[in-house]
1. Which of the residues spanning the range 221-240 are at pLDDT 95 or above, more than 15 Å from residue 161 (Cα to Cα) and buried (at least 17 other Cβ atoms within 10 Å of the Cβ)?
2. Tell me the residue from 108, 86 that is in contact (Cβ under 8 Å) with a residue 40 or more places away in the chain, under 13 Å from the mean Cα position of the chain (by Cα) and not assigned by TED's automatic domain parsing to the domain that holds residue 262, please.
3. Count, please, the residues in the range 314-353 that happen to be in contact with a strand residue (DSSP E or B) (Cβ under 7 Å, 6 or more places away or on another chain) and more than 22 Å from residue 110 (Cα to Cα).
4. Using the structure shown, decide if residue 39 is more than 10 Å from the ligand (Cβ to nearest atom) and either modelled with pLDDT under 95 or not assigned by TED's automatic domain parsing to the domain that holds residue 312 (or both).
5. Being within 11 Å of the ligand (Cβ to nearest atom) and surrounded by 17 or more Cβ atoms within 10 Å (Cβ to Cβ) is the filter here; which residues of the range 47-77 pass it?
6. Identify the residue in the range 92-107 that is in a loop (DSSP other than H, G, I, E, B) and away from the ligand (no atom under 12 Å from the Cβ) and, among all such residues, is farthest from residue 37 (Cα to Cα).
7. Identify all residues within the range 176-194 that are part of a loop (DSSP other than H, G, I, E, B) and modelled with pLDDT under 80; write none if there are none.
8. Which residue out of 351, 281 is over 30 Å from residue 99 (Cβ atoms), outside any helix (DSSP H, G or I) and modelled with pLDDT under 95?
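The values are calculated or read from the model by the stated rules, or taken from the named source; none is laboratory data. What you see is a predicted model; the values in this text were computed from it and never measured. All Cβ positions, glycine included, derive from the backbone under ideal geometry; neighbour counts span all protein chains shown.
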Ligand SMILES: NC(=O)c1ccc[n+]([C@@H]2O[C@H](COP(=O)([O-])OP(=O)(O)OC[C@H]3O[C@@H](n4cnc5c(N)ncnc54)[C@H](O)[C@@H]3O)[C@@H](O)[C@H]2O)c1
């Protein structure tokens with residue numbers, strides 16, 4: 001997608017709420033590349049050092065106050081990169097502040113009630129909201145859409161696999177070292193803890209690709225969990241049925257497993273495989289492969305990835321060159337994720353409906 005820049009002075013001012021890993025290692029490098037479209041002007045974090053570090057890298061103002069950032073008229077677009085539990089209230093505040101657009105990192109919200117509140121505020125204020133579900137904007141995924149013919153109607157199996165190298169912060173949390181430092185370790189013998197970790201896996205990791213699963217599964221009211229299990233030290237295995245399809249979700253942060261980030265849709269006559277790059281890696285797009293009747297079509301990789309194209313789309317929306325994506329499907333994604341998380345929890349704890 002090409003968006004005319006109209007000169008540097010017409011660049012969109014970006015304000016970051018939350019200046020941690022994702023802001024630093026994903027969004028700042030992308031915005032540096034798209035500096036004809038965007039300029040980071042204000043950075044807010046609850047930690048002065050975080051706000052200052054990020055702001056000084058890009059010559060922006062630093063603040064500890066969300067209200068101050070939202071009142072800054074040079075900020076056109078707000079990027080919400082804070083921890084999950086703050087997203088909903090911050091999206092609402094940014095919409096009410098009359099910003100031109102909001103980019104909210106995944107997960108959009110943590111509950112269906114929050115999602116409904118956002119839908120109402122979005123409709124009322126008309127502020128476009130983009131959820132940082134980067135794979136839905138990955139050129140490899142968009143190429144898959146052009147390849148897959150009637151697979152959304154015929155697929156019987158949908159499979160999402162996300163195997164990542166261990167996350168240092170999580171591993172530290174779980175180790176003896178953290179216990180010595182006075183932090184609680186993880187009690188894998190406590191069913192409530194295991195259930196909570198499973199829910200975290202769905203809303204923190206699986207959520208990345210649940211919007212892709214939902215393209216093949218618009219209706220999930222009859223969702224049933226056949227198997228749900230925590231993968232140690234952190235991950236999940238789910239086998240589910242909904243709308244006559246089998247849905248398999250595997251996610252793990254595990255040093256012994258080969259990294260893999262793949263989505264598959266399999267039907268009686270055709271199969272789609274989309275292989276994504278690891279998150280945080282700005283190494284081009286996914287590769288889509290569609291096999292049907294002995295023919296194999298491969299599309300990708302493309303130079304851009306979903307992180308880059310979500311910002312390009314945002315610029316195009318603000319410029320009036322692209323329609324804002326409807327918020328409702330993203331809200332249904334949250335309903336889907338919450339339904340899986342709750343059903344998985346009940347399955348583990350032996351709760352019957
Ligand atoms: N799209 C992706 O690939 C991807 C990858 C990782 C994380 N994420 C999402 O991005 C978000 C941030 O993740 P991260 O890895 O950068 O976490 P992080 O912990 O590294 O950074 C979060 C930052 O937010 C700050 N913060 C805490 N409370 C805040 C508040 N109330 N208001 C503003 N800032 C606050 C923290 O001080 C910290 O600097 C999470 O929601 C996460 O799910 C997305």
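1. 223, 225
2. Among 108, 86, only 108 is in contact (Cβ under 8 Å) with a residue 40 or more places away in the chain, under 13 Å from the mean Cα position of the chain (by Cα) and not assigned by TED's automatic domain parsing to the domain that holds residue 262.
3. Summing the residues that are in contact with a strand residue (DSSP E or B) (Cβ under 7 Å, 6 or more places away or on another chain) and more than 22 Å from residue 110 (Cα to Cα) in the range 314-353 gives 4.
4. yes
5. Within the range 47-77, 50, 51, 54, 63, 66, 69 meet the criteria.
6. 97
7. 181, 182, 183, 184, 185, 186
8. Within the list 351, 281, the selection yields 351.
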